Each structure stands twice: as C-alpha cells, then as structure tokens.
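One structure below.
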Amino acid sequence: MMNMKCLTTTCARFLCGIPFFVFGIFHFLRGPEMVGTVPAWLPGGVIWVYFTGLLLFLGGLSLFINKHTALACKILALLLLSFVAFIHIPAIMDPNTRGMALPNLLKDLGLLGAVLTWAGI
C-alpha cells in the first residue's frame, strides 16, 4: 500500500510535469504563431520555438515517467531563466505587451521554483 508521502510526491511530480508537457505540445502546434516571442536578434526564428517545445515536452515527460528528472529539471530551469531574461523582462518594458508579460513572468518564476526543487537545488 502506498503511503501518503509517496502519494503526494507522485501527485506533485505529475502536477509539475503537466504544464511543461502541454506547453511543449503547444509549441509544436502553434510554432508559426509563437515565432514573435523569439528575440529579433536571435537567428533561426521558428526553429527556436520548436527546440524549446521539444525541451518542454521532454522535461514534462521526464517528470511523468520519473527518469532523469534532476537533469531534465536543470535544463528546464535554464530554459525558464532564458524566458524570463529574454522574453518576459523585455515584454514588461514594452507598453503594448506589458499586460500579459507580468502574469507570464510570475508563472515562469513559479515553475522555476518547482523545477529547482525537483532538481535538488
């Protein structure tokens, strides 16, 4: 019989993985629509959307199957930090995108805290 700590840990791992898994799928389904979030100075455009989608998808999958979670969460942490630095902070500075930038920044900071916890940092 599963004890309560094991049950809550398993639930927490799945709840942490769901957003990454779903966001990864969204990146693949909506790549051309999301290319505007790629910083203009970064060459490659939609390739970055698909690459980050792959990292998000695999990170969520890693949490679901409980394999290589520390490594996956460290990679997700770096990805989230890059989103904060290169997407959300510049968007906060732009009056046209400020409205959604703060909620997205806070979402990614919360997810960053979760993956750092799972990474053991």
- Message: Take the conditions under 17 Å from Phe26 (Cβ atoms), of a type outside the set (Phe, Trp, Tyr) and over 11 Å from the mean Cα position of the chain (by Cα) and apply them to Pro103. Does it pass?
- Response: yes
- Message: Ile65 - would you say it is among the β-branched types (Val, Ile, Thr), closer than 20 Å to Ile18 by Cβ and within 11 Å of the chain's Cα centre (by Cα)?
- Response: no
- Item | Scope the stretch 86-118; condition closer than 19 Å to Cys16 by Cβ and either among the hydroxyl-bearing types (Ser, Thr, Tyr) or in contact with a Ser or Thr (Cβ under 8 Å, 6 or more places away or on another chain) (or both); matching residues | Thr117, Trp118
- Query: How about the stretch 15-121: which helices (runs of 4 or more DSSP H) wholly inside it have at least 2 residues that are surrounded by 13 or more Cβ atoms within 10 Å (Cβ to Cβ) and touching a residue at least 60 places away in the same chain (Cβ under 8 Å)?
  - Reply: 98-119
- Query: What number of residues within the stretch 1-30 are at pLDDT 95 or above and among the small types (Gly, Ala, Ser)?
  - Reply: 2
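The values are calculated or read from the model by the stated rules, or taken from the named source; none is laboratory data. The shown structure was predicted, so the numbers you read here are calculated from the model rather than taken from an experiment. Ideal geometry is used to build each Cβ from the backbone, glycine not excepted, and the neighbour counts take in all protein chains shown.
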